[in-house]
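Here is the structure we will look at.
Values quoted throughout were computed directly from the atomic coordinates according to the rules given, and no laboratory measurement underlies them. Note that the structure is predicted; figures quoted are calculated from it, not measured. A quick note on method: Cβ atoms are made from the backbone with ideal geometry, for glycine too, and the neighbour counts reach across all protein chains shown.
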Ligand code: NAD
Ligand code: ZN
């Protein structure tokens with residue numbers, strides 16, 4: 001990233017140093033350098049599978065085992081994956097800013113693995129399963145699962161991955177808290193999202209409408225790049241440590 005404007009980094013750092021209320025929104029790009037594939041650009045395929053056959057409620061009704069095989073594969077791929085320096089910076093900032101909210105569209109749990117607390121997971125978490133019958137939710141880190149699809153020990157119904165599928169509502173309490181953080185944020189740092197998936201992408205608009213400044217960290221301009229006052233063009237695992245060094249440690 002030799003050509004990246006030092007000036008843009010300096011401006012971003014100055015804004016963050018002057019802020020007490022900071023929010024961050026991450027997408028698949030923040031985990032790319034950990035080795036997790038991003039989603040867009042796959043031509044409607046997700047790890048080789050048509051999305052509508054593996055990540056929709058209809059697909060689960062039609063063939064729960066197929067859906068589970070896809071998630072088992074993703075869970076297996078994620079097992080050896082570790083957070084990268086971008087996750088580390090974003091976890092460390094919880095001790096730097098008095099009012100800090102980390103919102104993610106990712107389901108990989110890597111923010112928490114880096115030590116982040118209170119992460120607002122808009123799209124759920126692949127390490128949770130939820131009963132499709134009684135709604136009981138539990139953490140499940142066993143890979144492979146002993147039985148596919150897994151069944152709820154409380155009511156006997158099928159369990160499903162604890163993620164939000166295409167065409168489903170987001171968890172409304174989580175979305176409301178993310179919305180409020182975006183409204184209040186003096187600075188919103190948006191990292192590694194294509195900003196094509198709503199309502200998550202709407203958070204950029206919320207911050208801008210309320211007078212906050214949006215900083216985009218992404219090698220490519222996202223769909224909402226025009227909303228960002230500052231663009232830091234480069235991989236998150238390189239840009240964020242450089243930015244954090246300029247912002248400095250806890251005050
Ligand atoms: P996306 O795949 O649509 O977009 C990824 C973005 O990351 C792109 O804009 C790309 O330019 C950028 N990017 C690529 N490498 C980067 C890097 N090293 N540093 C910074 N940015 C980088 O992802 P999205 O916007 O999150 O939307 C996809 C949906 O799929 C989300 O809802 C998400 O839940 C889901 N998803 C999650 C994961 C995960 O949990 N890790 C992975 C794939 C998809
Ligand atoms: Zn149940």
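Extension gain for residue 136-residue 6 works out to 41.8 nm (0.36 nm per residue, less the C-alpha to C-alpha distance).
Axis of helix 6-17 versus longest Cα principal axis of the chain: the two differ by about 80°, to the nearest ten degrees. Counting 0.36 nm for each residue step from residue 198 to residue 47 and taking away their Cα separation leaves a gain of 52.2 nm. Taking 0.36 nm per residue of sequence separation and removing the Cα-Cα distance, the residue 143/residue 169 pair yields an extension gain of 6.6 nm. Only Cα pairs under 8 Å and 6+ residues apart enter the sum, and on that basis the relative contact order of the chain stands at 26 percent.
Could you tell me how many degrees, from 0 to 90 and to the nearest 10, lie between the Cα long axis of helix 172-184 and the main elongation axis, the longest principal axis, of the Cα atoms of the chain? It works out to around 0 degrees. Distance between the pseudo-spin-label points of residue 225 and residue 63 (7 Å out from Cα toward the beta carbon): 3.8 nm. Each principal axis of the Cα cloud of the chain was evaluated for its coordinate range; sorted largest first, these ranges are 56, 33, 29 Å. Against the chain, whose longest principal axis comes from its Cα atoms, helix 236-247 is set at around 40 degrees. Protection proxy ranking of 98-108, 167-177, by the mean of other Cβ atoms within 10 Å over each peptide's residues and highest first, is 98-108, 167-177.
The relative contact order of region 1-116, computed from alpha carbon pairs under 8 Å that lie at least 6 residues apart in sequence, is 37 percent.
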